[in-house]
Structures are given as C-alpha cells and as structure tokens.
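Before I ask anything, here is the structure I am working with.
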C-alpha cells in the first residue's frame, strides 16, 4: 500500500493558510457569466501552451491562440498536441461541474487517450504501458531515472488512486493533489503523455480546494516559467527500486503550494478589473456588447444601436469602459471602427 513520506513544515502550513484565504476572497465575489466564459478561454490557451511547452513543444503562445481559433485542417504534431490538450481541458471542465467528481484510473486513462489522440498507436493511447522505459536528461541524453517495472505499473496506479480517494476527507486537498502529482510522475505509467496527463489529472484534485472560479486556473504556467526547477522538484534520480520507501515529498509539496499561490494571485489580479466598484461594475448594456462579440466575433457602433437605445456619446463611453477594463480592443478608425475581445 502506498504510504508517502512527508512533513507539514511551517513553510507548507503558511502556504496552505494563504491559499485558503485567497480562495475564500475569490469565492466571495461575483462576476458576469459572459466575462468568466471569456477568461476561461484565455486560461485554456495559457494551459495548453504551458503544459505542452514543458514537454518541448516549440510553439509560442501567439501561435497557440491562432491554432485554437482556426483549427487548421492539415496540422503538424506540435499543433495536434495543442488541440488535444485544449480538448482535454474542455472535457475536464465539464466533468468538474459535478462537485462529487473523483479521481479514477478510468478518468486518467481517458485523459491520456485524449492528449495522445492521433499521436500514438491505439495500443498505447489510453493504455498502461506494456514496455519498459527510462527517463533521460534532455540536455545530456543520459539516463537519470528508471521507473517501475511494467508488471507493477498498474498495481502502483491502483494504489495511488486508492490512497487519494480514501484520504479525501483526511488530508488537505492541496497536499493530496501534490502527492498524487509527484507519485504519478515517478510511476510513469504511459509510453507518452505522462506529464500532460498528470497535470490535467491533478486539476481534478485541486478543484476540491473549493475555488468557484477554478476553470480560470492555469497552474501549468508556473512550472513552465522554470522548467528545469520543475523537473528537479517533481522527478527523482536513480532506480525506482533503490529509491522506494526513501522518497520524501516535503520539498516538492512546498514548491507545489507556492505555484498554486502564484496562480491564485494571477487569477485574483485578473478578476480585479471586473469588480463591484462604480468604476469597474459592468451593467447589462456592457454585457450585451460582450455577448454579441462572443457570438459574432466583433461589434460596431451600428450593431450596438440595434441592441440599445443609448445616445451616441454614451455608447462611446460604454465601449471605452470595456477597453479600460482590458476586455475589448478597438480596430480600424472612423466609420470603419469595430471592437473585438482583447487577446491576452
């Protein structure tokens, strides 16, 4: 049975308390649905970019946005990875609407199947690996870690899932998510897609922190900001059977918690522009503008006159407020002027 070794240090405890405070503050605020939908889209773009970038995908964020917007017909492997990750996020966000969602081996396998769609043969997509693998240092190409034998991989995954679900009410969800994340990387259950699958599956456990705006959360970006440190913290060096029972999760959990804080602060700052003060409060006519752009792709002043009876000067102020809040951008000039949702 899986029994991780870790300590609740002062540093980790302070981070958990801070996370709970930020989550509470975010949950006490209310935001227009149309705004949250747009911010969720942006979060998926960032997550798809960051998580695939960690694994070596060369596409910049600007290119990722174009791919997700246009869905090109003839795509390269790097583009397929982006599309797959975004699709997996969409499905997972729908799945998480069920507050009682539990992590399971079938859910993990379905995530891996989605992110390896058209990238792996059917015998390896959505399946536990049947061949041995080794982990190489990408800089030196030298073997740095030998994962568990294929005979034990399924057993170890079952043990991990059982540990998580049996401790769901006993261990803080943040600690549980962190332990799951590192242990799954160590088990390395798939021929490919281990990192991306792990980060997506970890989202299921992080959602149990109770953050109402969890779909705006893209914690993968923190890891991508320093990939070398991420690999050093989440991985191990040596042979699994020589390390078994000696692995200490404490330092990783401290680092993991700091990444969550970093992302929560980003979300908090992002939402600060859509507040409840007179300067930032959105009115129904503002939401009409945003909703129209979401449906059509853009809006002009002529379009807006069909949605409201507000005077021309007032309509201009409505557009200006949304631009000041960083929600829309102006395109062209004069009579050709139109507005689109702001690209982050």
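The values are calculated or read from the model by the stated rules, or taken from the named source; none is laboratory data. This structure is a prediction, so every number in the text was calculated from the model and none was measured. Neighbour counts are summed over all protein chains in view; Cβ atoms, including those assigned to glycine, are modelled from backbone coordinates with ideal geometry.
Which one is farthest from residue 145 (Cα to Cα), of the residues in region 102-126 that are free of Cβ contacts under 8 Å to residues at least 24 places away in the same chain and surrounded by 15 or more Cβ atoms within 10 Å (Cβ to Cβ)?
110
Could you please let me know if residue 182 is touching a helix residue (DSSP H, G or I) at 6+ places or on another chain (Cβ under 8 Å), without any contact (Cβ under 8 Å) to a residue 40 or more places away in the chain and more than 24 Å from residue 24 (Cα to Cα)?
For residue 182, the condition - touching a helix residue (DSSP H, G or I) at 6+ places or on another chain (Cβ under 8 Å), without any contact (Cβ under 8 Å) to a residue 40 or more places away in the chain and more than 24 Å from residue 24 (Cα to Cα) - is not met.
Let me confirm something: among 264, 251, which residue is surrounded by fewer than 18 Cβ atoms within 10 Å (Cβ to Cβ), at negative phi and not in a loop (DSSP other than H, G, I, E, B)?
251
List the helices (runs of 4 or more DSSP H) inside region 1-101, counting only whole elements, that have at least 3 residues being touching a helix residue (DSSP H, G or I) at 6+ places or on another chain (Cβ under 8 Å) and touching a residue at least 40 places away in the same chain (Cβ under 8 Å).
10-27, 33-54, 77-95
State all residues of region 8-26 that are modelled with pLDDT under 90 and closer than 11 Å to residue 209 by Cα; if no residue qualifies, say none.
Scanning region 8-26 gives no hits.
Given the options 338, 304, 292, name the one that is touching a helix residue (DSSP H, G or I) at 6+ places or on another chain (Cβ under 9 Å), closer than 22 Å to residue 31 by Cα and surrounded by 12 or more Cβ atoms within 10 Å (Cβ to Cβ).
292
A further question on this structure: I'd like to check something: does region 143-162 contain any residue that is under 20 Å from residue 98 (Cα atoms) and touching a helix residue (DSSP H, G or I) at 6+ places or on another chain (Cβ under 7 Å)?
Among the residues of region 143-162, at least one is under 20 Å from residue 98 (Cα atoms) and touching a helix residue (DSSP H, G or I) at 6+ places or on another chain (Cβ under 7 Å), which makes the answer yes.
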